[in-house]
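The values are calculated or read from the model by the stated rules, or taken from the named source; none is laboratory data. On a predicted model such as this, the values are computed, not experimentally measured, just so you know. Cβ placement follows ideal geometry from the backbone for every residue including glycine, while neighbour counts extend to all protein chains displayed. Note: areas computed on protein heavy atoms with side chains; ligands, DNA, RNA excluded. Shrake-Rupley method; radii C 1.70, N 1.55, O 1.52, S 1.80 Å.
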Amino acid sequence: AYVQADMSFVSPKISGYIDKVLVGENQRVKAGDPLFVIDNGDYKIAVAQAEAQIATLSKTLDRIDAQTKAAQASLSQAQASKVADQAAADNAARAQLRAAQLLKTHVGTQAQLDDAQTALDQAKAALVGADAQIAAAQANIGVLEAQRAESASTLASLQLTRDKAQRDLSFTVL
């Protein structure tokens, strides 16, 4: 007497506890029929966690975009202030030159020249301050752009993590 048995070994791509066995003993099955289900709780949690992290990072990107717009507005404001400061410095230079000429012709006083020189020095200092504000605004924009690039890269990584978690979840039915 001979006994014949067709046996196949089945191995899942993921690990976990068997939640349900979908076939009975000696039941005929064909390719593609599900045989058992692995407990998918951990895999559902992994998908949900990845999706939550993606949502959080998407909000971070939105915040960085808004901050970048604000920084660009600050840059525009600093540039406009520099134009105004430049006009004031030009005017102060002309006033200082007039005061110096008036002093030479003994029509003006030393006090008037000193006041004009002080106004010119203050205007020049305001220009230096305006340049510093422009540099600070440009640096802030650069930092925000770097943060955005970093966050975008992290988002891509999280999307891959989510895709893997979804793939693992799909392997819970064998």
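Among all stretches of the chain without exposed chymotrypsin sites (Phe, Trp or Tyr not before Pro) (DSSP loop, at most 12 other Cβ atoms within 10 Å), which one is longest? Please report the intermediate quantities before stating the final value.
Numbers: sites that count: Tyr2, Phe9, Tyr17.
Maximal segment without exposed cleavage sites: 18-174.
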Open item on the list: For segment 56-135, what does the accessible surface come to per residue with a 1.4 Å probe? Please give it in Å².
Closed with: 64 Å²
Open item on the list: Skipping prolines and chain starts, which residues have an amide H placed within reach, meaning under 5 Å, of the one on Phe36, given they are 5 or more residues away or on another chain?
Closed with: Leu22, Leu174
Open item on the list: Using only Cα atoms and rounding to the nearest 10 degrees, what angle (0 to 90) does helix 41-104 make with the longest principal axis of the chain?
Closed with: 10 degrees
Open item on the list: Pairs of alpha-carbon atoms within less than 8 angstrom and 6+ residues apart define the contacts here; what relative contact order does the chain have, in percent?
Closed with: 39 percent
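Per-residue ellipticity at 222 nm for the chain, helices alone: DSSP H runs ≥ 4 residues times -39500 (n - 2.57), over residue total, nearest 500 deg cm²/dmol?
On the way: 2 runs with 125 residues, N = 174.
When only DSSP H runs of four or more count, the value is -27000 deg cm²/dmol.
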Open item on the list: With a cut-off of 8 Å between alpha carbons and a minimum separation of six or more residues, what is the relative contact order of segment 1-66 in percent?
Closed with: 27 percent
- [ ] With +1 on each Lys and Arg Cβ and -1 on each Asp and Glu Cβ, and nothing else charged, work out how big the dipole of the chain is about its Cα centre, in Debye to the nearest 20.
- [x] 300 debye
TODO: Identify which of the listed values of semi-axes √(5λ) of the Cα gyration tensor in Å was calculated from the structure shown: (1) 82, 10, 9; (2) 60, 24, 16; (3) 39, 16, 12.
DONE: (1)
Open item on the list: Please check: in the Gaussian network model of the chain (C-alpha springs, under 10 Å), which one of Asp115, Asp62, Asp85 has the largest mean-square fluctuation.
Closed with: Asp115
TODO: Keeping all protein chains in position, work out how much accessible area Arg98 exposes to a 1.4 Å probe, and write it in Å² to the nearest 10.
DONE: 130 Å²
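Rounded, prolate or oblate: which fits segment 76-121 when a ≥ b ≥ c are the square roots of the eigenvalues of the alpha-carbon gyration tensor, with rounded for a/c under 1.5 and prolate only if a/b beats b/c? Working shown, then result.
Numbers: a/c = 6.14, a/b = 3.29, b/c = 1.87.
Here segment 76-121 falls in the prolate category.
Sort Ser153, Ser58 from largest to smallest accessible area, using a 1.4 Å probe on the heavy atoms of the protein chains. Show your work: numbers first, answer last.
Details: Ser153 75, Ser58 45 Å².
Greatest to least solvent exposure: Ser153, Ser58.
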- [ ] Take the alpha-carbon centre of segment 11-33, take the same for segment 111-174, and report the distance between them in whole Å.
- [x] 54 Å
- [ ] Can you sort Leu155, Leu103 by 1.4 Å-probe accessible area, starting with the largest?
- [x] Leu103, Leu155
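Under 1.5 on a/c is rounded, so check that first for segment 62-143, then, if it is not, pick prolate when a/b is larger than b/c and oblate when it is not; a ≥ b ≥ c are the square roots of the alpha carbon gyration tensor eigenvalues. Write down the numbers at each step before the final one.
Details: a/c = 6.15, a/b = 4.53, b/c = 1.36.
In terms of gyration-tensor shape, prolate.
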TODO: May I ask you to evaluate 6.51 cos²θ - 1.76 cosθ + 1.60, the Karplus curve with θ = phi - 60°, for each residue of segment 26-32 and list the ³J(HN,Hα) values in order in whole Hz, giving x for glycine and proline?
DONE: 6, 6, 6, 9, 10, 4, x
Open item on the list: Just want the answer: with Cβ charges of +1 for Lys and Arg and -1 for Asp and Glu, which residue in Gln96, Ala84, Ala125 is farthest toward the dipole's positive end in the chain?
Closed with: Gln96
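Carbon and sulfur: what percent of segment 1-85's accessible surface (1.4 Å probe)?
Working: 3550 of 6730 Å².
Answer for segment 1-85 is 53 percent, counting heavy atoms of protein chains only.
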Task: Among Gln117, Gln77, Gln147, residue whose mean-square fluctuation peaks in a GNM of the chain (springs only between Cα atoms under 10 Å) - done: Gln117
Open item on the list: Tell me whether segment 16-88 comes out rounded, prolate or oblate; compute the Cα gyration tensor, take square roots of the eigenvalues as a ≥ b ≥ c, and use a/c under 1.5 as the rounded threshold.
Closed with: prolate
